[in-house]
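Take a look at the structure below.
What follows draws every value from the coordinates through simple rules; no lab data is involved. Since this is a predicted model, take the numbers as computed values, not measurements. All Cβ positions, glycine included, derive from the backbone under ideal geometry; neighbour counts span all protein chains shown.
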């Protein structure tokens, strides 16, 4: 069943795929163990956590039935998710209509933020 609006809150450890019909909400956790990395002088590598493509694919697939997707989160994972979607799931990537930086919020707070976003951008009409 297709839903008009959904929001994905994501960081490198987990993603919350949320809908305004809360019975369909999903929590998806990454299989990779992420440690706090720092780039050190004369060290090989970027100091960044590797991208978890399986995790990103699972998150994007969970939102496949949504017509318009807002992606939010505190760090770089939201950009990596969008990059993954553009490369591997182009049909779903076209449904992503916005990306916003937000802190760690509860699911109801994320949904409230998304609702305001969709109303503000004229994508949702409230009676």
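Using C-alpha pairs under 8 Å with a sequence gap of at least 6, the mean separation divided by the residue count of segment 56-99 gives a relative contact order of 53 percent. Mean separation of Cα pairs under 8 Å and 6 or more residues apart, divided by the residue count, gives segment 50-127 a relative contact order of 31 percent. The packing ranking, built from the mean of other Cβ atoms within 10 Å per residue, places the peptides 99-105, 63-69 in the order 63-69, 99-105, highest first. Stretched out straight at 0.36 nm per residue, the stretch from residue 90 to residue 54 would grow longer than its current Cα-Cα span by 11.4 nm. Distance between the modelled labels on residue 20 and residue 4, one decimal in nanometres: 0.5 nm (7 Å Cα→Cβ projection). Working from label points 7 Å from Cα in the Cα-to-Cβ sense, the residue 61 to residue 99 distance is 2.3 nm.
Between residue 107 and residue 83, what FRET efficiency follows from the Cβ-Cβ distance if R0 is 22 Å, with the result rounded to 0.05? Between residue 107 and residue 83 the formula returns 0.30.
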